[in-house]
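Scroll down for the structure; my scribbles are underneath it.
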Amino acid sequence: MAAGSPAPSRYLRSIGAHASIEPDPFTDGAYVLSIGGAEQSHVNLEHPEEVFYEYLRRIAHIVDLCAPAGEPIRALHLGAGALTLARYIQAVRPGSRQHAVELERELLDFVLQHLPLPAGTQLETWTGDAREALGQLDSELRFDVVILDIFSGPEAPAHIATAEFYREAAARLTPTGVLVINVGDEPGLTLVRSQVAAMRSALADVAAFGEAGMFSGRYPGNIILAGTQFPWPQEWSAELAARGPHPAKVLTGVDLDSLSH
């Protein structure tokens with residue numbers, strides 16, 4: 001985008017709101033995607049390995065653990081946004097094969113037109129409902145990481161915020177794969193609690209990762225849930241807590257019981 005030119009904007013008919021992409025005034029080569037005036041995603045085109053939003057950095061740290069550093073993986077993104085994490089995976093794991101599902105075709109086209117993906121990115125995009133798209137993927141496809149980023153408080157889609165959906169998603173994982181859910185919630189963490197319980201009934205083990213103060217249930221914000229089909233490695237908890245963003249906390253096992261009901 002040329003300096004001084006108007007910020008690109010597109011009207012999203014399906015939700016009746018405008019999407020816009022504006023330069024980040026504090027970071028050269030970075031842009032912010034807003035929908036309806038609310039910031040949704042941040043992309044650094046010059047350094048896609050740098051993830052600005054804290055909750056996305058936490059997800060990126062989990063992705064880092066799902067395979068040896070630098071090794072290509074297969075990733076599925078349910079909820080594309082500005083494809084920040086797809087860009088990150090390509091930057092740190094060149095040769096990865098990725099799929100992304102986005103409900104809004106106009107949004108996906110708008111993002112890809114104005115925020116090009118890193119050279120060499122192998123990304124197949126799908127438009128539609130996340131659960132329906134999951135069932136339409138090649139039955140042989142298995143993923144090292146499945147990332148779901150469509151929840152926000154009480155408006156979470158009822159057909160996706162279920163144990164049945166998590167079983168369907170878990171069936172798409174490799175034996176060492178990780179299902180990662182971003183849950184944006186309000187004080188009281190009602191949605192987080194329901195999703196911990198749902199994931200625990202669908203996967204062998206579950207961890208919750210977030211800013212330490214979020215677990216008090218006093219504040220709105222994001223908690224990242226990660227589910228595995230194998231016992232959660234305690235060294236992963238230590239690694240995630242050390243990586244932050246700080247102050248960071250990881251709950252698993254009996255420590256997670258308080259969030260499962």
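Pull out the extension gain between HIS159 and GLU140, defined as 0.36 nm times the separation in residues minus the alpha carbon to alpha carbon distance; nm, one decimal. It would help to have the intermediate numbers written out before the result.
On the way: separation 19, 0.36 × 19 = 6.84 nm, distance 2.37 nm.
Working it through step by step, the gained length comes to 4.5 nm.
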Per the C-alpha gyration tensor (a ≥ b ≥ c, the square roots of its eigenvalues), the stretch 110-199 is rounded if a/c is under 1.5, else prolate if a/b beats b/c, else oblate; here it's oblate
Looking only at ARG218, ARG57, ARG193, which one moves most when the chain is put into a Gaussian network model with springs between Cα atoms under 10 Å? ARG218
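With both partners inside the stretch 130-261, how many of the DSSP beta bridges are antiparallel, as a percent to the nearest 5? Can you show the working numbers first?
Values: 19 of 26 bridges.
Antiparallel bridges: around 75 percent, rounded to the nearest 5.
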Which ³J(HN,Hα) values, rounded to whole Hz and listed in residue order, are derived for the stretch 21-34 from phi using the Karplus coefficients 6.51, -1.76 and 1.60 in 6.51 cos²θ - 1.76 cosθ + 1.60 with θ = phi - 60°, glycine and proline given as x? 10, 10, x, 6, x, 9, 9, 4, x, 10, 9, 10, 8, 10
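Could you work out the mean projected area of the convex hull around the alpha carbons of the chain, in square nanometres to one decimal? If you can, show how the numbers build up before the last one.
On the way: hull surface 53.3 nm².
Result: a mean projected hull area of 13.3 nm².
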At R0 = 25 Å the Cβ-Cβ FRET efficiency linking PHE230 and GLU71, nearest 0.05, sits at 0.85
With charges only on Cβ, +1 for K and R and -1 for D and E, what is the dipole size of the chain about its Cα centre, in debye, rounded to 20? 280 debye
Would you mind checking which residues have amide H under 5 Å from PHE52's amide H? H placed 1.01 Å from N; only 5 or more apart, or other chain. none
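Stretch ALA171-ARG105 to full length: gain in nm at 0.36 nm per residue minus the Cα-Cα span?
On the way: separation 66, 0.36 × 66 = 23.76 nm, distance 2.63 nm.
21.1 nm is the gain from fully extending ALA171 to ARG105.
Rounded, prolate or oblate: which fits the stretch 203-261, taking a ≥ b ≥ c as square roots of the Cα gyration tensor eigenvalues, rounded meaning a/c under 1.5, else prolate when a/b beats b/c?
Oblate, since a/c reaches 1.5 and b/c is not below a/b.
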Taking neighbour counts of Cβ atoms within 10 Å as a proxy for exposure, in what order, fewest first, do ASP255, ASP64 appear? ASP255, ASP64
Relative contact order computed over the stretch 45-116 (Cα-Cα under 8 Å; 6+ residues apart), in percent: 36 percent
Out of CYS66, ALA169, LEU148 - ranked by how far each Cα lies towards the positive end of the dipole of the chain, with unit charges on the beta-carbon of charged residues - the top one is ALA169
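Filter the GluC sites (Glu not before Pro) in the stretch 69-149 to those in DSSP coil with at most 14 other Cβ atoms within 10 Å of their Cβ, and list the result. Kindly include the intermediate steps, with their values, before the conclusion.
On the way: sites: GLU102, GLU104, GLU106, GLU124, GLU132, GLU140; in loops: GLU104, GLU140.
Here the GluC sites (Glu not before Pro) that fit, given the DSSP loop and packing criteria, are GLU140.
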From the phi of every residue in the stretch 36-51, what ³J(HN,Hα) in whole Hz does the Karplus formula 6.51 cos²θ - 1.76 cosθ + 1.60 yield, where θ is phi - 60° and glycine or proline is x? x, x, 9, 5, 10, 8, 10, 10, 10, 5, 7, 9, x, 6, 9, 10
Using only Cα atoms, find the angle between the long axis of helix 190-202 and the longest principal axis of the chain, and express it within 0 to 90 degrees, rounded to the nearest 10. 70 degrees
Zone of ALA17 (label point 7 Å along Cα→Cβ, backbone N under 20 Å): which residues in the stretch 153-189? 153-161, 182-187
DSSP-defined antiparallel bridges as percent of all bridges, the stretch 20-131, nearest 5: 50 percent
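Each reported figure results from applying straightforward, stated rules to the coordinates on display, with no laboratory input. Nothing here was measured: the structure is a model prediction, and the numbers come from that model. Please note: Cβ atoms are built from the backbone with ideal geometry, for glycine as well, and neighbour counts cover all protein chains shown.
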